[in-house]
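Engineer: One structure follows; several queries about it will come next.
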Amino acid sequence: MTQFTEEEKMIRRIERRFNKGVVQYGLIEEGDKILIGLSGGKDSLALVELLGKRARIYKPRFSIVAAHVVMTNIPYQSDTEYLKAHCETFGVPFVRYETSFDPATDTRKSPCFLCSWNRRKALFTIAKEQGCNKIALGHHMDDILETLLMNITYQGAFSTMPPRLEMKKFDMTIIRPMCLVHESDLIELAALHDYRKQVKHCPYESQSSRSDMKGILRQLEKMNPEARFSLWGSMTNVQDELLPDKID
């Protein structure tokens, strides 16, 4: 019987969960051209690696290109030469795109929200320029579950970031191929493959409440080691008859 090292087991586990998510949610189809949103963090670097490897599989045939959006008014730096080299390692073309935003235009929103919104807007622009029909984002299972908890807690809505979202207004589909991959495995992968971090982190990232939700998710898993799978299953097991009626 073949014996695998712990590192090999980790990589096989990631690839198994990645491929399961892609197939289960129908994220990649014949003839797709997919734009990868490459922020430079471990998750997007892993996405380049995983999609780059999958693109070598004959069916379904698809192509990919990675784009890194530089927000010129935010004082952080990314090593774009490293990002380009990382993409080249997996045969993925690389695009660097500069843009900016004025936080004063909407003081009701945090700079973090405005930056994220403008980055997403830039990705749509790049996708159209590159002839892409899909945009792949590096959100993993933890991100999706944390968003679920955040929306329940702060928005009073049972919603999250779905693995596949058709944006009919923009004639574009958002996909999250790592939707079933655990963040803990991606942390190990980043260490194993020596992913390089950003030169300087965003000054607004500490203002996010997402870190609080990470802690809550960990607490839930201490109570029940299968908590993440229960939370995931709950999103497709909504029992309307056991919920209050909607009041206008």
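The values are calculated or read from the model by the stated rules, or taken from the named source; none is laboratory data. The structure presented is a predicted model; accordingly, all values stated were derived computationally and were not measured. Please note: Cβ atoms are built from the backbone with ideal geometry, for glycine as well, and neighbour counts cover all protein chains shown. In case anyone asks, the SASA skips ligands and DNA or RNA and just uses the protein heavy atoms, side chains included. Shrake-Rupley method; radii C 1.70, N 1.55, O 1.52, S 1.80 Å.
Engineer: Against the conditions (1) of a type in the set (Lys, Arg); (2) surrounded by fewer than 12 Cβ atoms within 10 Å (Cβ to Cβ); (3) at pLDDT 95 or above, where does Lys200 fall short? Just the number, please.
Structural biologist: So the condition that Lys200 fails would be (3).
Engineer: Can you pull out the residues in segment 27-60 that are acidic (Asp, Glu), in a helix (DSSP H, G or I) and under 20 Å from Arg164 (Cβ atoms)?
Structural biologist: Taking segment 27-60 as the starting set, the residues that turn out to be acidic (Asp, Glu) are 29-30, 32, 43, 49.
Now narrow it down to the ones that are in a helix (DSSP H, G or I): 43, 49.
Within segment 27-60, just Asp43 meets the criteria.
Engineer: Further question: Across segment 3-40, which residue is nearest to Lys121 (Cα to Cα) among those that are touching a strand residue (DSSP E or B) at 6+ places or on another chain (Cβ under 6 Å) and surrounded by fewer than 17 Cβ atoms within 10 Å (Cβ to Cβ)?
Structural biologist: Among those that are touching a strand residue (DSSP E or B) at 6+ places or on another chain (Cβ under 6 Å) and surrounded by fewer than 17 Cβ atoms within 10 Å (Cβ to Cβ), it is Lys33.
Engineer: With the structure loaded, tell me whether Leu165 is modelled with pLDDT of 95 or more and under 28 Å from Lys9 (Cβ atoms) or whether it fails that test.
Structural biologist: no
Engineer: Taking segment 61-89 as the search range and keeping residues that are outside any loop (DSSP other than H, G, I, E, B) and open to solvent by 60 Å² or more (accessible area, probe 1.4 Å), which one is farthest from Gly138 (Cα to Cα)?
Structural biologist: Only one residue tops the list, namely Glu81.
Engineer: Charged (D, E, K, R), touching a helix residue (DSSP H, G or I) at 6+ places or on another chain (Cβ under 8 Å), open to solvent by less than 70 Å² (accessible area, probe 1.4 Å) and modelled with pLDDT of 95 or more: does that describe Glu188?
Structural biologist: For Glu188, the condition - charged (D, E, K, R), touching a helix residue (DSSP H, G or I) at 6+ places or on another chain (Cβ under 8 Å), open to solvent by less than 70 Å² (accessible area, probe 1.4 Å) and modelled with pLDDT of 95 or more - is not met.
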